[in-house]
Amino acid sequence: MYRFIKLYGALAIAAVAFVQCTKDFTNDISVGESQEASATKIINTSDSAATGSILVKFGEGAASAFEKATSRSAGLTRSNIEPLDNALLDIEATSIERLFPIDERSEARTRAAGLHRWYIVHFDNEQQLDRVARSLAAVAEVEKVEFNTKNEMPKVQMVAPVEPTTASTRLSTPQFNDPMAYAQWDFHNTGNTKFNQHSVAGMDINLHEAWKYTTGDSSIIVAIVDQGVDYTHEDLKANMWVNADEVPDNGIDDDNNGYIDDVHGVNFVDLIDKNGKKYGPISWDKTGDVGHGTHVAGTISAVNNNGIGVNGIAGGDGSGNGVRLMSTQIFSGTNAKNATVEVVARAFKYAADNGAVISNNSWGSKPRDGQDDSWYLAAESIQQEMIDYFEKSKNHPNLDGGISLFAAGNDSYGQHASYPGAYRNNIAVTAFGINGYPARYTNYGPGCNISAPGGDQTSHGGNGGIASTISPNDYVYYQGTSMACPHVTGVAALGLAYAKKLGKRLTAEEFKAKLLLSVNDIDSYLKASTSFSSYSGLMGTGRIDAFMMLMNVEGITCIPVPRGSKMYRIDLAPYIADGVVNPQILEFNIKDEDKARLKVDYLRLLNNTNKVVITANATGSAIVEVKMVAGGSIPGSSTTIGGATITKRFALIVREKFAENGGWL
């Protein structure tokens, strides 16, 4: 799980030019402000901030002045507002640039949101940050001053998957031919203790059943906000997003969006100016890179059924229909600007303006006691502003907004998730291991929304991690909430693909609700454990279930069944019309192949009771059809007055344990 925080911008400005200012914009000239008033403009502290830059939100007059000045003369570096220019001279500013480059396609929206007024001011690294902030905040045209906060990357544990030598240790993928699917217990966990002695059946995301309905859709773009994604990787390149309006490697901003050669995304850490444009080639092999972004990307959309490597949750079926991966790079080697607020804000803005509908964020700030949403909004104002901007973007015809997923954090911290995931409007993902219990490193508590496989190599060995892609054309196990997060991202992408297939349009809030309620119980499982009972109620709504997400999108009610429970009785009445009607059940039908797969050795409909008795001995899912009479106790016929015969589909979800409330909310 990554740790980050702060931002960046674009508009050259030399300090020497401030000396000879002519007051072209006399109506915009300000006076200084009191020390008390200016202090309120500084919205965070210089702790963990990058040196040499600071973020400033100007009033409309100052922003207009900069725009007018630069439009009249290339390289002109003054605002022609005397107090502001004096402050810039005082801090020995070397350049000032608009945080978000002009993209004519989105400029109207950018200006409507006031984002054109955010700038980044550069100065010598020796300048004292607090003094710089006070000097700028004292100018009336300055509305906000934000330190360019940064964070650190977590350490990762790398273990190479080993090809099993016997069939008894192999996990199967029935649909596809990817040879390393055996390593992906997180997608389909059979409880094979010969693969891993800690393995428990059903502690996975129930993906194989979901693939029967959809495997992805290439109209869906997922932004990987992370280290750079290796777009040349054999198992990723076919599913990389391609900016069709950009000509590769010609040094020109062909689509005029402010970025040069952004074919698969942008490296926002190493951005350089080239004639007023930004240039940031994606990288993944610099000193300090660990392949984190490439690994995350593979879990979401490694290409399926291509005869190589691993599976991706929404990687398609080999026909080119996998979801597309956009690399919005916020970490690059050991660069001091890694994941500053400047960098993160630009990444979200780019993703929103270039078609991404889901973002995966396997990073965050280190959690500390005393943090809350008020603290977060003060500390990272523009960051959350841009996350909100992304989530308000309408980039897919079947969803009216964007969805952002965040890692909960790897600090074993039980007070709350890491920010920004802990923020009330964001989704934070906790991690569990191959046995279904919380990973020892996962954060938990308030702000944690949902749980997914993250692996636990410390407790369960190397193959207890998450297997996915890494450079060059390789595959490894990693562990972390960084690995858990893309599982929920992938399921979200799969759910949106299914909504498109069904022709359904959802609001972002409806979609989030379906996602967070597509879970199997975790709390009763934890309560029964002496080692993990303290996590109960603190890991989120439950373990993400891909099949259930598709059923929720379609509107099919899911019914939990505990594996191995003898003569388990299902009362169907509460699941029909919210329990307000009590029709007569005539038939409860399940396909023979589904009965065999779930190892159903007893199934009986109790006459005149609306109850079914079942014993299922294997984890999995299946659709059942229930035939019933509406308006009487018997069907109507040519000789009998009776009710109408109707059929309703339900989904059975067979898992290890379920809570008393039925297994999920």
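The values are calculated or read from the model by the stated rules, or taken from the named source; none is laboratory data. None of these values were measured; they are calculated from a predicted model. Glycine also receives a Cβ, built like all others from the backbone with ideal geometry; neighbour counts cover every protein chain displayed. Each accessible area value is taken on the protein alone, full model and side chains, heavy atoms only, with ligands, DNA and RNA left out. Shrake-Rupley method; radii C 1.70, N 1.55, O 1.52, S 1.80 Å.
State which residue is least open to solvent (accessible area, probe 1.4 Å) when the search covers only region 349-358 and only residues that are small (G, A, S) and either part of a loop (DSSP other than H, G, I, E, B) or over 24 Å from K500 (Cβ atoms) (or both). Explain how you work it out, then say what you get.
Start the filter on region 349-358 by keeping residues that are small (G, A, S), which leaves 351-352, 355-356.
Now restrict to residues that are either part of a loop (DSSP other than H, G, I, E, B) or over 24 Å from K500 (Cβ atoms) (or both): 355-356.
Numbers: G355: 17, A356: 1 Å².
Among residues in region 349-358 that are small (G, A, S) and either part of a loop (DSSP other than H, G, I, E, B) or over 24 Å from K500 (Cβ atoms) (or both), the one least open to solvent (accessible area, probe 1.4 Å) is A356.
Residues being among the hydroxyl-bearing types (S, T, Y) and farther than 30 Å from G318 by Cβ: count how many of those fall in region 238-284.
We begin by selecting, within region 238-284, every residue among the hydroxyl-bearing types (S, T, Y); these are 259, 279, 283.
Imposing the further condition that a residue be farther than 30 Å from G318 by Cβ reduces the set to 259, 279.
Total satisfying the criteria: 2.
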For region 249-275, which positions are among the hydrophobic types (A, V, I, L, M, F, W, C), out of contact with any Lys or Arg (no Cβ under 8 Å at 6 or more places or on another chain) and open to solvent by less than 60 Å² (accessible area, probe 1.4 Å)? V263
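Filter region 308-339 for residues that are among the polar types (S, T, N, Q), within 9 Å of V269 (Cα to Cα) and at pLDDT 95 or above and give the result. Let's see the steps before the verdict.
As a first pass, look at region 308-339 and keep what is among the polar types (S, T, N, Q): 311, 319, 321, 327-329, 332, 334-335, 338.
Checking which are within 9 Å of V269 (Cα to Cα) leaves us with 329, 332, 335, 338.
Passing the criteria: Q329, S332.
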Index of the failed condition, G503 passing every other in (1) touching a helix residue (DSSP H, G or I) at 6+ places or on another chain (Cβ under 9 Å); (2) more than 24 Å from L605 (Cβ to Cβ): (1)
Checking P574 against (1) under 16 Å from K627 (Cα atoms); (2) part of a loop (DSSP other than H, G, I, E, B): exactly one of these is not met. Which one? (2)
Failed condition for E104, given (1) at pLDDT below 95; (2) open to solvent by 50 Å² or more (accessible area, probe 1.4 Å); (3) part of a helix (DSSP H, G or I); (4) not aliphatic (A, V, I, L, M): (3)
Do we find a residue being in contact (Cβ under 8 Å) with a residue 12 or more places away in the chain, surrounded by fewer than 20 Cβ atoms within 10 Å (Cβ to Cβ) and closer than 25 Å to K500 by Cβ anywhere in region 276-287? no
Of the candidates P486, P472, the one satisfying the condition of being outside any strand (DSSP E or B), of a type outside the set (A, V, I, L, M) and over 25 Å from R655 (Cα atoms) is P472
Just to be sure before I move on: is A408 buried (at least 24 other Cβ atoms within 10 Å of the Cβ), within 14 Å of the chain's Cα centre (by Cα) and more than 30 Å from K504 (Cα to Cα) in the structure I sent? yes
Considering region 308-348 alone, what residues qualify as being of a type in the set (D, E, K, R) and open to solvent by 10 Å² or more (accessible area, probe 1.4 Å)? D317, R324, K337
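What number of residues within region 425-446 are assigned to a loop (DSSP other than H, G, I, E, B) and more than 15 Å from the chain's Cα centre (by Cα)? Before the answer, list the steps.
The first filter runs over region 425-446 and keeps only residues assigned to a loop (DSSP other than H, G, I, E, B), leaving 425-426, 433-437, 439-446.
Adding the requirement that they be more than 15 Å from the chain's Cα centre (by Cα) leaves 433-437, 439-446.
Result for region 425-446: 13.
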Residue hits (region 510-524; part of a helix (DSSP H, G or I), touching a residue at least 12 places away in the same chain (Cβ under 8 Å) and open to solvent by 20 Å² or more (accessible area, probe 1.4 Å)) are K512, K514, L516, D523, S524
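Looking only at region 212-246, count every residue that is of a type in the set (D, E), closer than 18 Å to T294 by Cβ and open to solvent by 10 Å² or more (accessible area, probe 1.4 Å) and tell me the total.
Pass one, region 212-246, residues of a type in the set (D, E): 217, 226, 230, 234-235, 245-246.
With the extra rule that they be closer than 18 Å to T294 by Cβ, the set shrinks to 226, 230, 234-235.
Restricting the remaining residues to those that are open to solvent by 10 Å² or more (accessible area, probe 1.4 Å) gives 234.
Number of matching residues: 1.
Can you confirm whether G540 is surrounded by 19 or more Cβ atoms within 10 Å (Cβ to Cβ) and either under 18 Å from G421 (Cα atoms) or of a type outside the set (K, R) (or both)? Reasoning before the result, please.
Numbers: surrounded by 19 or more Cβ atoms within 10 Å (Cβ to Cβ): yes; either under 18 Å from G421 (Cα atoms) or of a type outside the set (K, R) (or both): yes.
Against the criterion (surrounded by 19 or more Cβ atoms within 10 Å (Cβ to Cβ) and either under 18 Å from G421 (Cα atoms) or of a type outside the set (K, R) (or both)), G540 qualifies.
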Count, please, the residues in region 207-223 that happen to be out of contact with any Leu (no Cβ under 7 Å at 6 or more places or on another chain) and of a type in the set (A, V, I, L, M). 3
Tell me, which residue of region 551-607 that is in contact with a Lys or Arg (Cβ under 7 Å, 6 or more places away or on another chain) and either basic (K, R) or more than 18 Å from R649 (Cβ to Cβ) (or both) is surrounded by the most Cβ atoms within 10 Å (Cβ to Cβ)? R563
Residue selected from region 608-622 under the condition in a strand (DSSP E or B) and more than 22 Å from T190 (Cβ to Cβ), by the criterion most open to solvent (accessible area, probe 1.4 Å): K611
Could you tell me whether any residue of region 313-332 is of a type in the set (A, V, I, L, M, F, W, C), farther than 30 Å from L538 by Cβ, in contact with a strand residue (DSSP E or B) (Cβ under 8 Å, 6 or more places away or on another chain) and not in a loop (DSSP other than H, G, I, E, B)? yes
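How many residues are under 23 Å from Y419 (Cβ atoms) and not hydrophobic (A, V, I, L, M, F, W, C) if we restrict to region 454-484? Steps first, please.
Let us first name the residues in region 454-484 that are under 23 Å from Y419 (Cβ atoms), namely 454, 478-484.
Filter once more, keeping what is not hydrophobic (A, V, I, L, M, F, W, C): 454, 478-482.
Adding up the residues that qualify gives 6.
If you go through region 75-96 one residue at a time, how many are acidic (D, E) and open to solvent by less than 10 Å² (accessible area, probe 1.4 Å)? Outline the logic, then answer.
Step one: of region 75-96, the residues acidic (D, E) are 82, 85, 90, 92.
With open to solvent by less than 10 Å² (accessible area, probe 1.4 Å) added as a condition, the list becomes 85.
So the answer is 1.
Is it the case, given these coordinates, that I653 is in contact with a helix residue (DSSP H, G or I) (Cβ under 7 Å, 6 or more places away or on another chain), at pLDDT 90 or above, β-branched (V, I, T) and surrounded by 14 or more Cβ atoms within 10 Å (Cβ to Cβ)? Talk me through it step by step, then tell me what you get.
Numbers: in contact with a helix residue (DSSP H, G or I) (Cβ under 7 Å, 6 or more places away or on another chain): yes; at pLDDT 90 or above: yes; β-branched (V, I, T): yes; surrounded by 14 or more Cβ atoms within 10 Å (Cβ to Cβ): yes.
The answer is yes for I653.
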Could you go through region 453-474 and let me know if any residue there is of a type in the set (G, A, S), open to solvent by less than 20 Å² (accessible area, probe 1.4 Å) and farther than 18 Å from H295 by Cβ. no
Residues of region 258-294 being closer than 19 Å to V222 by Cβ, assigned to a loop (DSSP other than H, G, I, E, B) and in contact with a Ser or Thr (Cβ under 8 Å, 6 or more places away or on another chain), which ones? H264, F268, I282, W284, G291
